[in-house]
Amino acid sequence: MSYSATLKDHLSNPRNAGELEGANAVAEESNPVCGDRLRLSLRLNVGRIEAARFLAYGCAPTIACGSVLTEMIEGMPVQDALRLTRQEIARALGGLPARKQHAAALAIETLRAALEAN
Amino acid sequence: MPRRVYLDHSATTPVDARVVEAMLPFLTEKFGNASSVHFFGQEARAAVDRARRDVAALIQARPNETVFLSGGTEANNLAIRGVAEASETYGRHIITSQIEHSSVRGICDALEKKGFEITRLPVYEDGIVRTHDVREALRPDTILITVMLANNEIGTIQPVAEIGAIVREERERGNRHLRFHTDAVQAAGRIPLNVEELGCDLLSLSAHKLYAPKGVGALFVRRGVRLTAQNVGGHQERERRAGTESVAGIVAFGAASRFALEELEERASHVCLLRDRFEAGVAARVLEIVFNGNREKRLPHLSNISFRYIEGEGLLINLDLQGVAVSTGSACSSGSLEPSPVIRAIGRDEELARGSIRFSFGKDNSTEDVDYVLEALPRAVENLRRLSPLYQKAQAERACETLRA
């Protein structure tokens, strides 16, 4: 199994890691099969994602997906964020191995849960 | 370019320069087929015979009890399937352990599908099979016991000599067809081996774990033990393994076995020193870790540690980016969904199994390597824990408890 340089970079220099102070949209989802876990805390303001932080437990792609997702959605209108697909996340990481697509799926699932809970 | 530290010697070892030198002529001017009658063939045959003596000496066997083949997996296949097929008429029960190498597990699973009954002995928290359980599992129709000499993930050394004694007793009591196989792939070159003391009928070896190339191995088959060949269609290896011998590889295996025997104590005490320095350093620098397996009865070069709250694959890649090569029992890197069955078998929960890392030292590692890893590892663990919701939750709970107290 080989991972892209972009993915490895997100793993060693995660962007926006942590819990966001003053978040008003939070979700934590897990993959029931492998136990991977992703937590997103967002601050929404007039239909836009102002700030995003993530925490992740699981294999390398799960962590990298959380990291790249926060980068992609900061400043994004909620309407657009709801339309993000796992393919776009995988693409932003320079591709994911076939068996690791579930990591991007977990990222999308957690994002939607956070936005819909708000 | 960061410093590179290879701590994955249980996966494979680099080929020793002296071994390369010994094998090279057999790729070029001494290229003959060991089955040919002419000079070129005889030259190759003599080299294979000499290597056979050297490999046999490593395990204190007779040369004609040593069958060359392609590696540990093939040795395990020939031993287990070979005995199962040859002894089928006497019984179809096989005893093994829960922590065998994946090749042994795979072979037993395949035999089970064909109607053999497999008893998989538990290991306890220390990662060691109990001889009491072996006795309990024995039946009149047991034809084979296969228990590894030392585990590949946690390095625990199994009571093989004691099982060998039980097998001898059992044979004297009338179960003449009972055979005993041990997978010594991880143990060879790291602890002394003597097939008489072990009392095994079959023993698997792999060359690339002892500084020889990949693609060569051997199976010790005690005189008088009948096996059904798995590779047929040639007279090589006294009909036990058909196929042209990999002469250069076998020569390398022979040379590497000679060096392994000569340098056994020196290598073992060197890696043991490094391993102990490493473990003391990790225990002092990283909190919430669990050492896996019995720490006395284990191979001297290996350390297996579970890091709470994080997953092994992320740690492996973080270390890799800092130039440090290790292995993990996390499912993610093996491509399966279940984390290491070995770590699960010693009673660790799923999180600890996923967070297990194997560090395996080699003769060419130095104390500087260990000290470098002791800097890189705490940093990598810290980075991942900072990201882990499990860690954050545990921290928050701890803060609460402190407040309450």
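Take A:ALA107 and decide whether it is surrounded by fewer than 21 Cβ atoms within 10 Å (Cβ to Cβ), in a helix (DSSP H, G or I) and either small (Gly, Ala, Ser) or without any contact (Cβ under 8 Å) to a residue 12 or more places away in the chain (or both).
Values: surrounded by fewer than 21 Cβ atoms within 10 Å (Cβ to Cβ): no; in a helix (DSSP H, G or I): yes; either small (Gly, Ala, Ser) or without any contact (Cβ under 8 Å) to a residue 12 or more places away in the chain (or both): yes.
In short, no.
Of the conditions (1) surrounded by 20 or more Cβ atoms within 10 Å (Cβ to Cβ); (2) in contact with a Gly (Cβ under 6 Å, 6 or more places away or on another chain), B:ASP141 satisfies every one except a single condition; which number is it?
(1)
Go through the residues of region B:364-371 one by one and say whether even a single one is more than 22 Å from B:PRO339 (Cβ to Cβ), in a loop (DSSP other than H, G, I, E, B) and not polar (S, T, N, Q). Steps first, please.
As a first pass, look at region B:364-371 and keep what is more than 22 Å from B:PRO339 (Cβ to Cβ): B:364-371.
Among the residues that remain, those that are also in a loop (DSSP other than H, G, I, E, B) are: B:364-366.
Then drop every residue that is not not polar (S, T, N, Q), which leaves B:364.
Yes, region B:364-371 contains at least one residue that is more than 22 Å from B:PRO339 (Cβ to Cβ), in a loop (DSSP other than H, G, I, E, B) and not polar (S, T, N, Q).
Which condition number does B:VAL83 fail, the rest of (1) in contact with a Phe, Trp or Tyr (Cβ under 6 Å, 6 or more places away or on another chain); (2) buried (at least 24 other Cβ atoms within 10 Å of the Cβ); (3) more than 30 Å from B:GLY329 (Cα to Cα) being met?
Here B:VAL83 clears every test but (1).
Of all helices (runs of 4 or more DSSP H) completely enclosed by region A:11-96, which ones contain at least 1 residues that are among the small types (Gly, Ala, Ser) and away from chain B (no Cβ under 12 Å)? Can you show your working first?
On the way: elements: A:60-73, A:78-81, A:86-92.
So the answer is A:78-81, A:86-92.
Of all residues in region B:1-14 being within 25 Å of the chain's Cα centre (by Cα) and surrounded by fewer than 20 Cβ atoms within 10 Å (Cβ to Cβ), which is nearest to B:ARG258 (Cα to Cα)? Show your work before the answer.
Kept after step one, since they are within 25 Å of the chain's Cα centre (by Cα), are these residues of region B:1-14: B:4-14.
Keeping just the survivors that are surrounded by fewer than 20 Cβ atoms within 10 Å (Cβ to Cβ) gives B:4, B:6, B:8, B:11-12, B:14.
Numbers: B:ARG4: 28, B:TYR6: 24, B:ASP8: 23, B:ALA11: 21, B:THR12: 18, B:PRO14: 16 Å.
My answer is B:PRO14.
Just to confirm my filter: which helices (runs of 4 or more DSSP H) fall fully inside region B:94-198 and include at least 3 residues that are in contact (Cβ under 8 Å) with a residue 24 or more places away in the chain and under 15 Å from the mean Cα position of the chain (by Cα)? Break it down into steps so the answer makes sense when it comes.
On the way: elements: B:102-113, B:131-137, B:160-172, B:195-198.
Of the helices (runs of 4 or more DSSP H) lying wholly inside region B:94-198, those with at least 3 residues that are in contact (Cβ under 8 Å) with a residue 24 or more places away in the chain and under 15 Å from the mean Cα position of the chain (by Cα) span B:102-113.
Here is a list of conditions, (1) crowded, with 16+ Cβ neighbours inside 10 Å; (2) away from chain A (no Cβ under 11 Å), and B:ARG404 meets all of them except one; can you say which number that is?
Checking B:ARG404 against (1) crowded, with 16+ Cβ neighbours inside 10 Å; (2) away from chain A (no Cβ under 11 Å), the one that fails is (1).
So if I check each of B:VAL370, B:VAL326, B:VAL381, which one is modelled with pLDDT of 95 or more, out of contact with any strand residue (DSSP E or B) (no Cβ under 8 Å at 6 or more places or on another chain) and either within 30 Å of B:ALA187 (Cα to Cα) or not polar (S, T, N, Q) (or both)? It would help to see each step written out before you state the result.
Details: B:VAL326 fails: out of contact with any strand residue (DSSP E or B) (no Cβ under 8 Å at 6 or more places or on another chain); B:VAL381 fails: out of contact with any strand residue (DSSP E or B) (no Cβ under 8 Å at 6 or more places or on another chain).
Only one candidate passes the filter, namely B:VAL370.
Counting only residues that are among the aliphatic types (A, V, I, L, M) and surrounded by fewer than 24 Cβ atoms within 10 Å (Cβ to Cβ), which one in region B:47-60 is nearest to B:ILE250 (Cα to Cα)?
The initial filter retains those residues of region B:47-60 that are among the aliphatic types (A, V, I, L, M), namely B:47-48, B:51, B:55-59.
Then drop every residue that is not surrounded by fewer than 24 Cβ atoms within 10 Å (Cβ to Cβ), which leaves B:47-48, B:56-57.
Values: B:ALA47: 8, B:VAL48: 6, B:ALA56: 12, B:ALA57: 14 Å.
Step by step, filter region B:47-60, then rank; the result is B:VAL48.
Would region B:371-394 turn up any residue that is basic (Lys, Arg) and closer than 30 Å to B:ILE128 by Cα?
There is no residue in region B:371-394 that is basic (Lys, Arg) and closer than 30 Å to B:ILE128 by Cα.
Consider region B:20-46. How many of its residues are surrounded by 13 or more Cβ atoms within 10 Å (Cβ to Cβ) and outside any helix (DSSP H, G or I)?
Number satisfying all stated conditions: 7.
Let's see how each residue does on (1) more than 9 Å from every other protein chain (Cβ to nearest Cβ); (2) within 22 Å of A:ASP9 (Cα to Cα); (3) out of contact with any Lys or Arg (no Cβ under 7 Å at 6 or more places or on another chain):
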{"residue": "B:TYR309", "(1), (2), (3)": "no, yes, no"}
{"residue": "B:GLY323", "(1), (2), (3)": "yes, yes, no"}
{"residue": "B:SER327", "(1), (2), (3)": "yes, yes, no"}
{"residue": "B:VAL342", "(1), (2), (3)": "yes, no, yes"}
{"residue": "B:TYR372", "(1), (2), (3)": "yes, yes, no"}
{"residue": "B:LEU384", "(1), (2), (3)": "no, yes, yes"}
{"residue": "B:SER388", "(1), (2), (3)": "no, yes, yes"}
{"residue": "B:GLU397", "(1), (2), (3)": "yes, no, yes"}
{"residue": "B:CYS400", "(1), (2), (3)": "yes, no, yes"}
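Looking at A:ASP9 and the list (1) closer than 21 Å to B:GLN392 by Cβ; (2) among the acidic types (Asp, Glu); (3) out of contact with any strand residue (DSSP E or B) (no Cβ under 9 Å at 6 or more places or on another chain), which single condition is not satisfied?
(1)
Just for region B:332-344: of the residues that are surrounded by fewer than 22 Cβ atoms within 10 Å (Cβ to Cβ) and of a type in the set (Gly, Ala, Ser), which one is modelled with the lowest pLDDT? Write out each step before concluding.
Pass one, region B:332-344, residues surrounded by fewer than 22 Cβ atoms within 10 Å (Cβ to Cβ): B:333-338, B:341, B:344.
Checking which are of a type in the set (Gly, Ala, Ser) leaves us with B:333-336.
Numbers: B:SER333: 57, B:SER334: 60, B:GLY335: 60, B:SER336: 65.
This residue is B:SER333.
Taking region B:40-80 on its own, how many of its residues are over 30 Å from B:ILE94 (Cβ atoms) and of a type outside the set (D, E, K, R)?
Filtering region B:40-80 down to residues over 30 Å from B:ILE94 (Cβ atoms) leaves B:40-51, B:53-54, B:57.
If we keep only those that are of a type outside the set (D, E, K, R) as well, we get B:40-42, B:44, B:46-48, B:51, B:57.
Total meeting the criteria: 9.
Taking into account only those residues within region B:347-370 that are of a type in the set (Val, Ile, Thr) and over 30 Å from B:LEU121 (Cβ atoms), which is farthest from the other protein chains (Cβ to nearest Cβ)? Outline the logic, then answer.
Kept after step one, since they are of a type in the set (Val, Ile, Thr), are these residues of region B:347-370: B:357, B:367, B:370.
If we keep only those that are over 30 Å from B:LEU121 (Cβ atoms) too, we end up with B:367, B:370.
Working: B:THR367: 26, B:VAL370: 22 Å.
Filtering first and then ranking leaves B:THR367.
Select from region A:17-66 the residues that are within 24 Å of A:THR6 (Cβ to Cβ) and β-branched (Val, Ile, Thr) and list them in ascending order.
Result: A:ILE49, A:THR62, A:ILE63.
The values are calculated or read from the model by the stated rules, or taken from the named source; none is laboratory data. Quick caveat: nothing in here was measured; it's all calculated off a predicted structure. Please note: Cβ atoms are built from the backbone with ideal geometry, for glycine as well, and neighbour counts cover all protein chains shown.
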